[in-house]
Amino acid sequence: MAEIVIEAEAREAGSSNAARRMRREEKLPAVVYGGDKESNPIILNPREIISVLKSESGQNTIFKLKVAGGSEDNVMIFDVQIDPITHHLIHADLMRIALDVEIEVSVRLRIVGEAKGVIEDGGVLDHSLRELVVSCLPTNIPESIDVDVSELDMNQSIKVEDLQVPPDVTVVTEPDRSVASVVAPVSEADLEADLGVEGEEIEGEEIEGEEPEEGAGEAPAEGAEAAKPEAAEEEKKSE
């Protein structure tokens with residue numbers, strides 16, 4: 001894979017107004033830190049960061065950061081902030097990394113095949129663990145780890161300890177965690193029973209054939225009476 005190079009500009013740590021002004025100019029405020037260097041505020045092109053995030057390796061992508069008039073570092077995206085309304089990228093944190101030092105990262109688990117218990121017995125595949133925490137050198141981070149579910153029968157599961165990972169990768173996630181399993185489908189009746197709604201009437205609905213209670217739908221007498229003195233008082237004030 002070709003080396004990814006992203007260029008950045010140095011900036012002074014400023015106010016939120018300055019950050020908003022940068023975003024209007026389609027610039028992304030960011031910070032790079034880690035290693036034996038100080039944290040430095042920088043400006044990035046948001047499109048380049050989005051491109052990295054959408055790649056196969058996503059947030060685990062290693063790329064070279066070149067700061068104008070400054071240093072070059074190997075970095076990864078540590079965190080990003082997304083505007084909850086516009087869904088635009090508004091800030092990024094980059095972490096310097098040493099290629100000869102192991103780090104812990106989360107790697108995506110990818111389901112492969114179709115389980116026998118689903119095909120033959122009508123079961124449902126429950127994919128309960130989506131990422132695996134591993135430790136390895138930055139250059140050995142796998143883009144994803146396959147989970148072959150082809151031989152899974154009904155009521156069987158694959159655990160973390162059953163996964164095949166590269167020899168240069170150490171799994172950190174607990175070995176007895178369930179990754180995927182085939183379970184029996186839940187019927188509508190069972191679901192209603194689990195939720196405790198079977199046989200219950202919906203609040204506010206009348207049962208067919210049943211007469212409404214006397215006075216139903218009328219305003220409470222006490223409330224009506226309580227309102228009278230206030231209304232009288234208001235009337236006096238207006239006179």
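The values are calculated or read from the model by the stated rules, or taken from the named source; none is laboratory data. Quick caveat, the model's predicted, so the values are computed rather than measured. Methodologically, a virtual Cβ is constructed for each residue, glycine included, from the backbone with ideal geometry; neighbour enumeration extends over all protein chains shown.
Please go through (1) of a type in the set (G, A, S); (2) surrounded by 13 or more Cβ atoms within 10 Å (Cβ to Cβ); (3) over 30 Å from D73 (Cα atoms) for S150 and return the number of the only condition it doesn't satisfy.
(2)
One line per residue, one yes/no per condition, for (1) loosely packed, with under 13 Cβ neighbours inside 10 Å; (2) more than 28 Å from L137 (Cβ to Cβ):
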position: E3; (1), (2): yes, no
position: R20; (1), (2): yes, yes
position: P29; (1), (2): no, yes
position: Y33; (1), (2): no, no
position: S51; (1), (2): no, no
position: Q59; (1), (2): no, no
position: F63; (1), (2): no, no
position: V67; (1), (2): no, no
position: H87; (1), (2): yes, yes
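Yes/no matrix, rows are residues, columns are (1) in contact (Cβ under 8 Å) with a residue 40 or more places away in the chain; (2) not assigned by TED's automatic domain parsing to the domain that holds V171:
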{"site": "D79", "(1), (2)": "no, yes"}
{"site": "T86", "(1), (2)": "no, yes"}
{"site": "I90", "(1), (2)": "yes, yes"}
{"site": "G123", "(1), (2)": "yes, no"}
{"site": "S135", "(1), (2)": "no, no"}
